[in-house]
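The values are calculated or read from the model by the stated rules, or taken from the named source; none is laboratory data. Predicted, not measured: the structure shown is a model, and the values here were computed from it. Counting neighbours? That spans all protein chains shown, and the Cβs are built from the backbone with ideal geometry, glycine included. Just so you know, the surface numbers come from the protein's heavy atoms only, side chains and all, with ligands and any DNA or RNA stripped out. Shrake-Rupley method; radii C 1.70, N 1.55, O 1.52, S 1.80 Å.
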Amino acid sequence: MARGLNIIGVVGLGLMGSSIIVSFLRAGYHVIAITPLPLDLEEGRKRVMEQLRVCSEMKLLPKPISEYSNFLTISDDFSLLENCDLVNECIVEIEQIKKEIYQKIESIVRHNCIISSNTSAIPINILQNHFLLPERFMGIHWAEPAYSTRFLEITCGEKTDVSLAELVLEEAGRWEKEPTLLYKDIRGFITNRLMYAVYRQGFDLINKEIIDMAGLDKCFQYDVGQWITIMGIFKRMDFEGIDKYINSYKEIFPKLSQSDKVPPQMATILETQGRGIHNLKGLYHHTDESAELLEKNLSVFNKEIYRLADLFRSKIQNLNLSESNGKQ
């Protein structure tokens, strides 16, 4: 297997895929961007250029936007992936469609090319079954926008060659990530698994009429949102004092929701094909104006939170403050 990555392929030019493409361009790679939908070629190209523009506005690009065209190929021709060292699939979360795409990719790339998926819903163990060489496949799960978040989850399946996952883990430093490596595949990986526990508890409180949705969002936004960027949940426990949690755990753990049902609010929305701000049918009432404002505000916030988080990250590094890895 190859050691060192130079040419990266990304399959899928949606919002997430274009964001990943820009992240790789920013890190100095030659990127082959492939859309499996020929009709989406021009729209996909526009998305990539828009993401480059936003990244430039955040002052995250070391070169002018125009120079990145020399390192970017956008096409619907899968044969262009032939010389890639890594191909990251980022398409719709439907297993059959992914299977067809993997067969196309694997029929073209070299035997030592790493293939990965940005999936957040389908287990890597399941997707591995669609490969002739399953040991080179793994999950590489990004957060949006990929170029301005430190998050990255690398997930091994049962058949993944761990040395390849560790290679990607090391390489991710070039992507300016703070990656995590999951040696075992679990449903939902880490981030989604934690968030769905919060969603389940949140819906339980709402449906018991203890709090409304907006109130619960505010609690999470202005408490967790105040400190989560600078410290994780376990470091927070150390900061506040472990002892204060013990009695609360004994009292609260038995009372937490154990529901395995889809919340009725979501079920009702799904019956009408609701997709949130994308078709103005969601948990909140949306209009074209409110949806546009939410996207604009998030874009502005991403710029500011990246700058602030990076400032404190740099300060910690400059002070040479080592931090425990949390192992016991």
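In this structure, does residue 222 turn out to be of a type in the set (Phe, Trp, Tyr) and free of Cβ contacts under 8 Å to residues at least 40 places away in the same chain? Answer is yes for this residue. Listed here are the strands (runs of 3 or more DSSP E) enclosed by the range 1-75 that have at least 3 residues being within 21 Å of the chain's Cα centre (by Cα) and crowded, with 20+ Cβ neighbours inside 10 Å: 7-11, 30-34.
Among the residues here, residue 110 qualifies as open to solvent by 20 Å² or more (accessible area, probe 1.4 Å) and modelled with pLDDT of 95 or more.
If we scan the range 198-216, do we find a residue that is basic (Lys, Arg) and loosely packed, with under 13 Cβ neighbours inside 10 Å?
The answer is yes, given that some residue of the range 198-216 is basic (Lys, Arg) and loosely packed, with under 13 Cβ neighbours inside 10 Å.
Number of residues in the range 174-197 that are among the small types (Gly, Ala, Ser) and either open to solvent by 100 Å² or more (accessible area, probe 1.4 Å) or assigned to a helix (DSSP H, G or I) (or both): the value is 1. If you check 204, 238 for being farther than 20 Å from residue 312 by Cα and either acidic (Asp, Glu) or part of a helix (DSSP H, G or I) (or both), only one passes: 204. Residues in the range 271-318 that are among the β-branched types (Val, Ile, Thr) and either surrounded by 14 or more Cβ atoms within 10 Å (Cβ to Cβ) or part of a helix (DSSP H, G or I) (or both) were compared, and the one that is nearest to the chain's Cα centre (by Cα) is 305.
One line per residue, one yes/no per condition, for (1) out of contact with any strand residue (DSSP E or B) (no Cβ under 9 Å at 6 or more places or on another chain); (2) touching a residue at least 60 places away in the same chain (Cβ under 8 Å):
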{"position": "103", "(1), (2)": "yes, no"}
{"position": "106", "(1), (2)": "no, no"}
{"position": "109", "(1), (2)": "no, yes"}
{"position": "131", "(1), (2)": "no, no"}
{"position": "141", "(1), (2)": "no, no"}
{"position": "151", "(1), (2)": "no, no"}
{"position": "156", "(1), (2)": "no, no"}
{"position": "159", "(1), (2)": "no, no"}
{"position": "162", "(1), (2)": "no, no"}
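Here residue 225 meets each of (1) more than 21 Å from the chain's Cα centre (by Cα); (2) assigned to a helix (DSSP H, G or I); (3) at pLDDT 85 or above with one exception, condition (1).
In the range 151-170, which residues are open to solvent by 50 Å² or more (accessible area, probe 1.4 Å) and either part of a loop (DSSP other than H, G, I, E, B) or of a type in the set (A, V, I, L, M) (or both)? 151, 158, 159, 161, 162, 169 - these are the residues of the range 151-170 that are open to solvent by 50 Å² or more (accessible area, probe 1.4 Å) and either part of a loop (DSSP other than H, G, I, E, B) or of a type in the set (A, V, I, L, M) (or both). Put simply, of 246, 228, 242 the only residue that is loosely packed, with under 14 Cβ neighbours inside 10 Å, under 30 Å from residue 165 (Cα atoms) and of a type in the set (A, V, I, L, M) is 228.
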